[in-house]
Amino acid sequence: MAAPMLRLGFPGRRWALTWLDGGSRHRSGSQTGPTSNWARRQSSVAQPSLHTAQKPRKGEHKWAAVVGLEIHAQISSNSKLFSGAQVCFAAPPNSLVSYFDASLPGTLPVLNRRCVEAAVMTGLALNCHINKKSLFDRKHYFYSDLPAGYQITQQRLPIAANGHLTYCIYLGKKPSQVTTKTVRIKQIQLEQDSGKSLHDDLRSQTLIDLNRAGIGLLEVVLEPDLCCGEEAALAVRELQLILQALGTSQANMAEGQLRVDANISVHHPGEPLGVRTEVKNLNSLRFLAKAIDYEIQRQITELENGGEILNETRSFDYKLGCTMPMRDKEGKQDYRFMPEPNLPPLVLYDDTSLPRGADSQQVINIDQLRDMLPELPSATRERLVQQYGMLPEHSFALLNEVGLLEFFQNVIKETRTEPKKVTNWVLNTFLCYLKQQNLAVSESPVTPSALAELLNLLDRKAISSSAAKQVFEELWKGEGKTAAQIVSEQQLELMQDQEALEKLCQTTIDGHPQVVMDVKKRNPKAINKLIGLVRKASHSRADPALIKKILERKLSL
C-alpha cells in the first residue's frame with residue numbers, strides 16, 4: 001500500500017500550476033494542458049527567420065528573433081540519480097521514496113553509474129567535449145517538493161560541453177526542399193529532478209508526491225542559434241530521436257520525460273540583442289513552436305507600440321494560444337551555488353589515461369562508450385536512402401513515427417516486393433489508417449507479416465491493386481483472417497482464364513460503340529474508360545495491363 005501523500009495547507013491562498021503529464025518543477029503560472037504525441041502529430045507551424053508586425057509600414061525595419069533552449073530529459077535508469085529508489089511512471093504517490101529522497105538527516109548520495117554512462121553517450125552523440133573531471137554543485141531554493149532545500153546539479157564544470165546538433169528543415173511546400181542547419185550545444189549536465197506538487201484550489205491545500213524527487217535528468221543547454229518555433233521544434237525532435245536511439249532517455253513528452261524552456265528575444269538586425277523572456281515547461285513540440293512564435297510576435301508588437309520587454313518568466317496557455325507572465329526576474333533569486341560537499345569530483349578515463357589493472361566496474365571509459373554508440377538517426381536516414389533507393393523525405397517519415405521503421409524493415413524481410421512499393425504502402429496506406437484512428441504502430445491490427453503476405457500476392461499478380469486495398473481494409477478489422485483467406489472468400493483473384501477475358505473484352509466493345517469510336521479517334525481518355533468498363537464487368541478481377549493489351553489488339557491500335 002502506498003504511503004499517504006504529504007499535505008500542506010494554505011488557507012485563503014490561491015495556487016496555480018504549470019501542468020505536465022509528469023508534473024512540473026516550476027510552480028506558478030497558467031495551465032498548459034494535455035501533451036501532444038509527436039509520433040502521431042507533427043507540427044506544421046512555419047515562420048520565416050525575419051519577423052515583421054502584422055501590418056508592416058513603409059520603410060519599417062524588420063525584426064530578427066533569437067531563441068535558445070534548455071531541455072530536460074529524464075534518464076532511462078531503473079533507479080534514481082543518487083539513491084537506489086526505483087523509477088516507475090504513474091506509481092502510487094510516495095511509494096518510491098528512499099530516505100535520501102526524503103532528505104532525512106545522515107543520508108548521503110551515491111552516484112548512479114548508469115546515469116553517468118548515459119550522459120557520456122549523449123555527449124558523444126552530440127559531438128561534445130567530454131570533461132574527464134566534472135563537479136557537482138548545490139542549487140539552493142526553497143519549495144515543498146524539494147525536501148533538502150537544494151538541488152544537486154553541475155553548474156560550474158558539467159560532464160560535457162561545446163557540442164552541436166544538426167537537424168533538417170523544409171524550405172518550401174515541397175518535401176524535397178530540405179536544408180541542414182546546426183545549433184551549438186553549450187553544455188550537458190547531470191542533475192536531480194524535484195518532486196511533484198498537486199495544488200487543490202477548492203480545499204486550499206497542496207499535495208506533494210516525492211516519487212519523482214531525485215530522478216536523474218540530463219539538462220541540454222542550446223546556444224541561442226534558433227530563430228523561430230519551427231526550427232526549435234525540429235531541433236528538439238532530432239534530439240528526441242537521438243536520445244531514443246541511444247537508449248539514454250525514452251524522451252516521452254506525454255509522460256514528462258522531455259521538458260523544454262525557451263529563451264526568446266527580438267532585435268533589429270545589426271543592433272544589440274533585446275531583453276529576453278523565458279517560457280517555461282513546454283511539454284509538446286506543437287506547443288513549443290506555437291509558444292515561441294506567439295512570444296516573438298508579442299514582443300515585436302509591444303516594442304512597436306512604444307512599450308518595453310520585461311526580463312520575466314512566462315508560461316504558455318494552450319487554450320488561449322498565448323504566453324502569460326509568471327514572475328519577474330528583476331529581483332532574481334540568488335540560488336547560492338556551492339560545491340556539493342558529499343560528492344567528490346567525477347573522474348572519467350579514456351584508453352590513454354586508464355590506470356593499468358583498473359577494474360572496469362569501478363571506472364568509466366569514454367572510448368569504450370564511444371565504441372558502443374548505435375547508429376544515429378542521421379546515419380539511419382542516409383542508409384535508408386542508399387540501401388532502398390527511397391526519397392530523403394520518406395526516410396524522415398519512417399523515423400518520425402515511433403516503431404514505423406522497425407515495421408517497415410520487418411515487412412522488407414518477409415516480402416519479395418521491391419522496397420519502393422513497400423515504402424509506398426507503409427507510408428501512404430498503413431500510416432494513413434493509423435492517423436485516421438489515432439493509433440500508434442504498436443497498436444496496429446495489421447502485422448508486418450500480414451502486410452508482407454498481401455504484398456506478395458500483389459507482386460505475383462494474384463490480385464489487382466484495387467483488390468489489395470480491399471484486402472487491407474479487411475485485415476484492418478482484425479478478425480484474424482489472412483490475406484489469402486480474404487482473397488479466397490471474396491473471390492478477388494485476378495482472372496487467369498485468357499479465353500474468358502477475351503470474351504469479356506469483346507462483349508464490352510460490342511456494347512459500347514461510341515466509346516470504341518472515341519478510342520479510334522485517338523481520344524486518350526476513351527481507352528481508359530473502356531478498360532474501366534471491362535474491369536467493372538469482371539468485378540475488378542481483371543488485370544488492367546492485360547485488358548489494355550487485348551483491347552489494343554482487337555481494335556488494331
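The values are calculated or read from the model by the stated rules, or taken from the named source; none is laboratory data. None of the values given here were measured: they were computed from a predicted structure. In this analysis, Cβ positions are derived from the backbone assuming ideal geometry, glycine residues included, and neighbour counts consider all displayed protein chains. We work out accessible area using only protein heavy atoms, side chains counted, and drop any ligands, DNA or RNA first. Shrake-Rupley method; radii C 1.70, N 1.55, O 1.52, S 1.80 Å.
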Do you know which of the residues in the range 537-551 that are modelled with pLDDT of 80 or more and open to solvent by 70 Å² or more (accessible area, probe 1.4 Å) is farthest from the chain's Cα centre (by Cα)?
K549
Residues of the range 68-90 being among the hydroxyl-bearing types (S, T, Y) and either open to solvent by 30 Å² or more (accessible area, probe 1.4 Å) or under 25 Å from the mean Cα position of the chain (by Cα) (or both), in sequence order, are S76, S77, S79
Just checking, how many residues over the range 377-395 are free of Cβ contacts under 8 Å to residues at least 60 places away in the same chain, closer than 20 Å to T122 by Cβ and surrounded by 18 or more Cβ atoms within 10 Å (Cβ to Cβ)?
1
Among the residues of the range 108-122, which ones are outside any loop (DSSP other than H, G, I, E, B) and β-branched (V, I, T)?
V116, V120, T122
Name the single residue, out of those in the range 288-302 being more than 18 Å from L69 (Cβ to Cβ) and β-branched (V, I, T), that is surrounded by the fewest Cβ atoms within 10 Å (Cβ to Cβ).
T301
Any pair with Cβ under 7 angstrom, 6 or more apart, that starts in the range 83-108 at a residue that is within 24 Å of L258 (Cβ to Cβ) and ends at one that is open to solvent by less than 40 Å² (accessible area, probe 1.4 Å) and of a type in the set (K, R):
V87/K80; D101/K80
Would you check if N281 is at pLDDT below 95 and crowded, with 21+ Cβ neighbours inside 10 Å?
yes
Residue list for the range 227-277, filter: open to solvent by 10 Å² or more (accessible area, probe 1.4 Å), outside any helix (DSSP H, G or I) and touching an Asp or Glu at 6+ places or on another chain (Cβ under 6 Å):
N263
Would you check if there is a residue in the range 522-531 being touching a helix residue (DSSP H, G or I) at 6+ places or on another chain (Cβ under 8 Å), small (G, A, S) and either without any contact (Cβ under 8 Å) to a residue 24 or more places away in the chain or on the phi > 0 side of the Ramachandran plot (or both)?
yes
Pull out all pairs, ordered by first then second residue, where Cβ-Cβ is under 9 Å, the residues are six or more apart or on different chains, the first lies in the range 273-287 and is within 8 Å of S315 (Cα to Cα), and the second is acidic (D, E) and part of a helix (DSSP H, G or I).
V279/E295
What are the residue pairs meeting all of these: first residue in the range 401-414, first residue not assigned by the TED database to the domain that holds I242 and open to solvent by less than 50 Å² (accessible area, probe 1.4 Å), second residue in a loop (DSSP other than H, G, I, E, B) and at pLDDT 95 or above, Cβ atoms under 8 Å, and 6 or more apart or on different chains?
F407/S444
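Every residue, every condition in (1) in contact with a helix residue (DSSP H, G or I) (Cβ under 9 Å, 6 or more places away or on another chain); (2) open to solvent by 70 Å² or more (accessible area, probe 1.4 Å); (3) in a strand (DSSP E or B); (4) free of Cβ contacts under 8 Å to residues at least 60 places away in the same chain, yes or no:
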{"residue": "I309", "(1), (2), (3), (4)": "yes, no, no, yes"}
{"residue": "D351", "(1), (2), (3), (4)": "yes, yes, no, yes"}
{"residue": "D367", "(1), (2), (3), (4)": "no, no, no, yes"}
{"residue": "E375", "(1), (2), (3), (4)": "yes, yes, no, no"}
{"residue": "A397", "(1), (2), (3), (4)": "yes, no, no, yes"}
Could you please let me know if G270 is modelled with pLDDT under 95 and more than 27 Å from L157 (Cα to Cα)?
yes
Are any of the residues in the range 207-225 part of a helix (DSSP H, G or I) and more than 27 Å from F82 (Cβ to Cβ)?
no
